[in-house]
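Read-outs: derived from the displayed coordinates by stated rules, not from any lab. Model, not experiment: these values are computed from the prediction. Note that each Cβ is placed from the backbone with ideal geometry, even for glycine, and that neighbours are counted across all protein chains shown.
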Amino acid sequence: MKVEITALPNYEYEKDEFKAKVAKVDRLRQRFFRSISPGGLAGDRKDVQPASGLTLRAEQIWKTIKENKDLDLPAMEDVVATYRCDQIAKETLIRLSSDKTWLALRKDVQARKAPKFKKIIKSILEKTLSQYDMEAIYFKESIRDERRKELETEALQVLYPAYAAMLRHLSSRALNFFKTGMIKKLKRATKAGFEASIDSTVQHTMEKFEKESRARENLLSEIEKTKYETKTKFDEAYNTMKAKAVRRIARGIGGMTAACRGCNGDVHRG
């Protein structure tokens, strides 16, 4: 862009210079008035069009765009649906983050195993998705559904801290259940049925843990991870019990029970 600055001389003392400058300024003014004419501000540019031909020019440009298949422009319906569904999803996620039921559950589960956790977390997620569905229902289905799946993943990420805290409570309770069950079974176990008793208790405990922790199919990967960690602790307890019990097996079943009680503190510390 070229900028021209003109200073006018004093009219009283330099009248001739003043008139000459005014004539120059007048020429500049004419360039504005006749901007698309030759010599005007835009007249020397290529492809200059008068305002009266703007409509026709726009139609020609759009025709060129439509005929150019390589551009692959999305339909206006897709553009609007993408923008609005994304906007609705973001607003829905903000509402979830400040939802009173969710905030209360997140606080409660940090301290203890929240009652009806599975029911509440499911209700919160369904409410979030329903809000999105109601606002996005009139937009293109394929785009609407794709953004809904993304919203569900984002919502689960918001809910995850409470779910992780709940899994920790369940894991701790499952381990205590396992130790208690082991002590009871070993009192009635025989030498031949020692390992079978432990395996049976482990299986029963893991089934109980998995059933309680299945809050949402989307979170099964986290369940599997926690199951593996919990099973590892059970295996450690198993190996400790077996090693101590074998050393005392000659003294009878009572020795096995004592072994179980002896490792109780070790497992708890794990």
Ranked by Cβ crowding within 10 angstrom, fewest neighbours first, how are Met76, Met166 ordered? Met76, Met166
Using the count of nearby Cβ atoms within 10 Å as a rough guide to exposure, how do Trp62, Trp102 rank from fewest to most? Trp62, Trp102
Give the calculated FRET efficiency between Lys63 and Thr153 to the nearest 0.05, with a Förster radius of 41 Å applied to their Cβ-Cβ distance. 0.45
